[in-house]
Amino acid sequence: MPYPYLHFQGHCADAMTFYADVFGGELTIMKWSDAPADTPQNIDSDRVMHSQLAFPDGSRLMAGDFPPGMEGDPQKAVSVTHVVSDPEEGRTLYDRLAEGGDVIDAYSAKFFSSGFGMVRDRYGTHWIIMTEA
């Protein structure tokens, strides 16, 4: 099963903690400085090497920060879709993700969904929140 892997420039821990608050699930975070001292991955940095938000249904949202000094454009061409059964639950999730972010497509009923919206959150992640058809 494929899982999305998000990349950040130093905001991974904040973003994943926020997502855990919004969606629930069990969050684990490993920083670059947590790697064994005798490995090349041990970098004196509070940036996140790997994090995972695990959900009871077995799905996962994974993420990490680019290593210090590495260039990269976080989440420029990908959206994470979250499907719910209740339009009001979708509205609540959409509104939380939109706080401090940018509305791309306002949450509303569409011909294909009783609730659909697109937003870029304050961490730069693009989200599609929708109810099942």
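The values are calculated or read from the model by the stated rules, or taken from the named source; none is laboratory data. Please read all numbers here as calculations on a predicted model, not as lab measurements. Every residue, glycine among them, receives a Cβ derived from its backbone with ideal geometry; neighbour counts consider all protein chains shown.
Being farther than 21 Å from T28 by Cβ and either modelled with pLDDT under 95 or touching a His at 6+ places or on another chain (Cβ under 8 Å) (or both) is not true of M62.
Considering segment 43-58, the residues that are closer than 15 Å to H82 by Cα and small (G, A, S) include one that is surrounded by the most Cβ atoms within 10 Å (Cβ to Cβ), namely A54. Of the residues making up segment 118-132, those that are of a type outside the set (S, T, Y) and under 11 Å from P87 (Cα atoms) are I129, M130, E132.
The rows are residues; the columns are (1) modelled with pLDDT under 95; (2) within 20 Å of V48 (Cβ to Cβ); (3) in contact with a strand residue (DSSP E or B) (Cβ under 6 Å, 6 or more places away or on another chain).
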| site | (1), (2), (3) |
| --- | --- |
| P67 | yes, yes, no |
| D73 | yes, yes, no |
| S79 | yes, no, yes |
| D86 | no, no, no |
| R91 | no, no, yes |
| D102 | no, no, yes |
| V119 | no, no, yes |
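I'd like the residue in segment 114-133 that is surrounded by 19 or more Cβ atoms within 10 Å (Cβ to Cβ) and among the small types (G, A, S) and, out of all such residues, is farthest from D14 (Cα to Cα). If we take residues in segment 114-133 being surrounded by 19 or more Cβ atoms within 10 Å (Cβ to Cβ) and among the small types (G, A, S), then G115 is farthest from D14 (Cα to Cα). Where strands (runs of 3 or more DSSP E) fall wholly inside segment 17-113, the ranges with 2 or more residues that are over 14 Å from Y5 (Cα atoms) are 26-31, 79-84, 102-110. Among T39, T28, which is the only one that is among the hydroxyl-bearing types (S, T, Y) and modelled with pLDDT of 95 or more? Unique residue meeting the criteria: T28.
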